[in-house]
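The values are calculated or read from the model by the stated rules, or taken from the named source; none is laboratory data. Values in this document were obtained by computation on a predicted structure and should not be read as measured data. Here Cβ is always computed from backbone atoms with ideal geometry, including for glycine, and neighbour counts include all displayed protein chains. Just the protein is used for accessible areas: all its heavy atoms, side chains included, with ligands, DNA and RNA removed. Shrake-Rupley method; radii C 1.70, N 1.55, O 1.52, S 1.80 Å.
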Amino acid sequence: MSDNKLVKIVSEFISTTGTISVDPLGAGHINDSYIIVVNPEGEFLMQRINHYIFKDVDALQNNILRVTKHIRHKLESQNIPDIDRRVLTLLPTHDGKWYYRDNDGNYWRMMKFISDSVSYEAITPELAYKAGRAFGEFQSMLADIPGGPLTETIPNFHNMESRLETFREVVKNNLAGRLSKVQDLVDEIEKRAEDMTKAERMHREGKLPKRINHCDTKVNNILFDKTGNVLCVVDLDTVMPGYVLSDFGDFMRTGANNGAEDDADLNKVSINLDIFEAYTKGYLETAKSFLTPVEVENLAFGAKLLTYMQTVRFLSDYIDGDKYYKIHSPKHNLQRSNAQFKLLQSMEENFDRIQEIVNEAAK
Ligand code: ADP
Ligand code: GN1
Ligand code: MG
């Protein structure tokens with residue numbers, strides 16, 4: 001997209017007589033983010049919303065507005081300082097809308113930029129402990145959000161039964177003709193399918209509740225300040241009802257991995273038990289008061305579940321011809337699938353230990 005077009009979009013949200021600069025930021029798989037500097041108005045973050053994935057942009061933006069307003073009220077009532085750096089602040093267009101649709105049909109949103117912040121792709125146990133506290137706090141703050149349930153911005157997003165249904169459909173169709181090369185991994189997924197769908201069964205039996213979850217508790221969705229304190233949870237597109245196992249598990253999948261999510265060197269991929277322990281400790285400090293015993297008992301399973309789910313999602317996309325995730329090389333989704341599966345195996349090998357860590361922290 002040309003700079004001129006981007007500047008024109010910025011001006012739908014912000015009026016200035018000064019200069020506007022636009023720079024791409026970050027490496028998300030879904031939306032496109034830009035840092036906007038408007039002189040003298042300040043810094044902003046503009047995102048192009050991926051409306052192929054988030055099909056109801058009105059509902060999406062309405063969720064984010066409700067979530068950020070509710071958190072803001074909570075922080076205000078606790079007299080927390082510097083609130084603009086502790087919760088995202090959406091900006092409306094000049095027409096009072098929470099997104100702008102350009103002539104090409106793209107959807108855009110604008111928010112305040114959180115200054116002097118850093119996010120990490122890999123973190124230390126000390127930061128993991130703080131991140132655990134922050135995500136526990138996030139769930140706790142949203143427990144009493146008024147106005148009825150939030151919209152599922154992606155229906156059945158973390159529903160393992162539904163993910164497996166899609167996976168089987170994709171395998172059956174074999175659209176990109178890649179199935180024969182990945183049959184072993186497909187078999188490994190099927191071997192675990194019964195066990196990995198137990199959360200949905202427990203929910204139907206009334207044993208596992210749904211709560212408001214972030215549903216993308218990646219390490220890089222937490223902003224820290226320069227001294228290592230948590231500022232803010234970001235990337236609120238997927239905040240919706242789900243099982244707490246999702247949020248706990250997805251952090252472990254992305255944070256407690258000695259390798260990268262898409263590591264080409266599988267020898268580097270394994271569970272990092274120090275990070276696992278630190279995050280569990282932090283999370284349970286802020287979440288223990290509202291979690292049921294069944295939820296706590298299943299947290300360690302949640303780590304396996306989300307790693308398994310991500311393997312299924314990357315592999316589905318690979319077999320289907322790379323339609324969902326942005327890829328950076330032809331076999332990127334396969335490389336991601338292999339790395340996630342390796343992490344799952346490492347979690348399986350260490351399962352007794354991670355269960356023990358959860359039990360200890362819950363005491
Ligand atoms: P994606 O869906 O692509 O992951 P995010 O909303 O997570 O997009 O934004 C990408 C990155 O931009 C984040 O990981 C974070 O580092 C940074 N970021 C997001 N929102 C803000 C903000 N308001 N201020 C400063 N940095 C931000
Ligand atoms: C996507 O936006 P990003 O890159 O943080 C995806 C997550 C996956 C993740 C895998 C809406 O998240 O669910 O876990 O990639 N988001 C969506 O890295 O599908
Ligand atoms: Mg993100």
- Counting only heavy atoms of the protein chains, get the accessible area per residue of the chain (1.4 Å probe) and round it to a whole Å² value. 45 Å²
- Item | Radius of gyration and maximum dimension Dmax of the stretch 175-299, Cα, Å | 17.1, 50
- How much net charge surrounds Val22 when only the other residues with a Cβ under 15 Å from the Cβ of Val22 are counted, with Lys and Arg +1 and Asp and Glu -1? -3
- Message: Report the Cα-based extents of the chain along its three principal axes, largest first, to the nearest Å.
- Response: 61, 51, 38
- Message: If each residue of separation counts as 0.36 nm, what is the full-extension length gain between Gln355 and Lys288 once their alpha-carbon separation is subtracted?
- Response: 22.5 nm
- Message: Assuming 0.36 nm per residue, please report the length gained on full extension of the stretch Asn229 to Glu188 beyond their Cα-Cα distance.
- Response: 10.7 nm
- Net charge near Asp58, counting Lys/Arg +1 and Asp/Glu -1 over other residues with Cβ under 13 Å of its Cβ? +4
- Give me the angle, in degrees from 0 to 90, between the Cα long axis of helix 183-196 and the longest principal axis of the Cα atoms of the chain, rounded to the nearest 10. 90 degrees
- Note on the structure: Using alpha carbon centers only, the stretch 281-334 is separated from the stretch 132-192 by a whole-angstrom value of 8 Å
- Message: Counting only protein heavy atoms and a 1.4 Å probe, tell me what percentage of the chain's accessible area is made up of carbon and sulfur.
- Response: 49 percent
- Item | the chain: calculated mean residue ellipticity at 222 nm from DSSP helix runs of at least 4, using -39500 (n - 2.57) | -15000 deg cm²/dmol
- Rounded to a whole number, what is D in µm²/s for the stretch 1-74 from Stokes-Einstein with the Kirkwood radius over alpha-carbon pairs (37 °C, 0.692 mPa s)? 235 µm²/s
